[in-house]
Ligand code: SF4
Ligand code: SF4
């Protein structure tokens, strides 16, 4: 390889950690089936060892493109290196317009819903769709999603949900609902079902002004725009926490992003160490991600490698920590109330056989399977979980649409599709709308969010 750029240095750091002489290589055997990144990294590593052929920058770029950020690999720092490498690559070589358009889910959703009356009929004309796919670099076999007549956000505004809750009753619970772009702009029925269930249970709902959580942007290396939107979300959601709202997300990716990715190295920051009052020459280091248990370590040794120098380090670490501690998955929120006997809930069609796929970003939140637990507790239910702890649908948000990634996406999802095919008599439910698009593409049948099947008694 020629001169090392920031991008190549970052990728080579991953090689060093996971495949170098002192690398641990655990993922060589464990990530064979569920991830395309690790097998390719080991293949490239072995090739260099065997032939001495230097790695080309293009090989490294293609390698990084194989990561969907599913979160299934054991080490967060490898995923953060992937993100940093994507950002460095985008700095060095501007991504194509198609990738920038496709990854800006918020803008695409705002335009798509505003002009749905024109776009949807055009979407039914084959030559127009073919051209649109070409421009956006979408694989010919993928269907372009149809936009609803109005976004959830427009509906929520008409309903008065975008204004803070007025005259909150003393005992009433109130939530600030972070909807996410997929429910906001593509599947508003899911977000309306969430509002319906909450309101039927006398939980007051506020839909604060919100930007994309930024996961699709960082997947294309657009770190600058992502940071602006994250900062806006932190301000708005932080104010909601101050005003006594519980923050809930119905999208597992938004929840994973706020709880896990964004908080990253924030606990190692000086601001947190001051707040934790660790004492002179000591540091408080978390032992788990959200259990708020800490261990004290001597600062002298640890501060050289425990630093807030990660992908999001320019953003206030205390804001990141506080948000991560106050966000709940909506299923998690509802289950807690259900267990406390505070939730009136029933299945719209009791007895309908269901198969539930737990999305990667839901599993990574370590909250069990709240919707399955809730549904199983209802009379006359028939629900089975499908897919193991390491199964991924392969969609990776918008990545599965991309021409180059389409086949990879189906290859990653293959083992999970086999399991789902064996449950063919069941209605498939999953809380990730990206998984939903993938499963609808593969099985040509409707897939639901669990919220759409539930109502108050
Ligand atoms: S991701 Fe972690 S566990 Fe896997 S090979 Fe790399 S260092 Fe080892
Ligand atoms: S985040 Fe997922 S796709 Fe990326 S390296 Fe880890 S397991 Fe592989």
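The values are calculated or read from the model by the stated rules, or taken from the named source; none is laboratory data. This is a predicted model, so every value here is computed, not measured. Here Cβ is always computed from backbone atoms with ideal geometry, including for glycine, and neighbour counts include all displayed protein chains.
Looking across segment 31-67, the residues that are within 7 Å of ligand 2 (Cβ to nearest atom) and out of contact with any helix residue (DSSP H, G or I) (no Cβ under 6 Å at 6 or more places or on another chain) come down to 34, 35, 37.
Residues are listed down the side, and each one gets a yes or a no for (1) away from ligand 2 (no atom under 16 Å from the Cβ); (2) part of a loop (DSSP other than H, G, I, E, B); (3) on the phi > 0 side of the Ramachandran plot:
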{"residue": "307", "(1), (2), (3)": "yes, yes, no"}
{"residue": "323", "(1), (2), (3)": "yes, no, no"}
{"residue": "334", "(1), (2), (3)": "yes, no, no"}
{"residue": "349", "(1), (2), (3)": "yes, yes, no"}
{"residue": "354", "(1), (2), (3)": "yes, no, no"}
{"residue": "367", "(1), (2), (3)": "yes, yes, no"}
{"residue": "372", "(1), (2), (3)": "yes, no, no"}
{"residue": "379", "(1), (2), (3)": "yes, yes, no"}
{"residue": "390", "(1), (2), (3)": "no, yes, no"}
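Table: residues versus (1) over 30 Å from residue 419 (Cα atoms); (2) part of a loop (DSSP other than H, G, I, E, B).
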| residue | (1), (2) |
| --- | --- |
| 11 | yes, no |
| 27 | no, no |
| 39 | no, no |
| 48 | yes, no |
| 53 | yes, yes |
| 77 | yes, no |
| 82 | no, no |
| 86 | yes, no |
| 89 | yes, no |
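What about residue 33, is it more than 11 Å from ligand 1 (Cβ to nearest atom), in contact (Cβ under 8 Å) with a residue 12 or more places away in the chain and either in a loop (DSSP other than H, G, I, E, B) or not assigned by TED's automatic domain parsing to the domain that holds residue 87 (or both)? When the stated conditions are applied, residue 33 passes them.
When 210, 204 are checked against the criterion of being under 14 Å from residue 243 (Cβ atoms) and in contact with a strand residue (DSSP E or B) (Cβ under 8 Å, 6 or more places away or on another chain), 204 stands alone in meeting it. Here 450, 370 are screened, and the one residue that is out of contact with any strand residue (DSSP E or B) (no Cβ under 6 Å at 6 or more places or on another chain), at pLDDT 95 or above, farther than 28 Å from residue 220 by Cα and buried (at least 22 other Cβ atoms within 10 Å of the Cβ) is 370.
Within segment 53-69, does at least one residue satisfy the condition of being near ligand 1 (Cβ under 10 Å from one of its atoms), under 22 Å from residue 402 (Cβ atoms) and in contact (Cβ under 8 Å) with a residue 40 or more places away in the chain? No.
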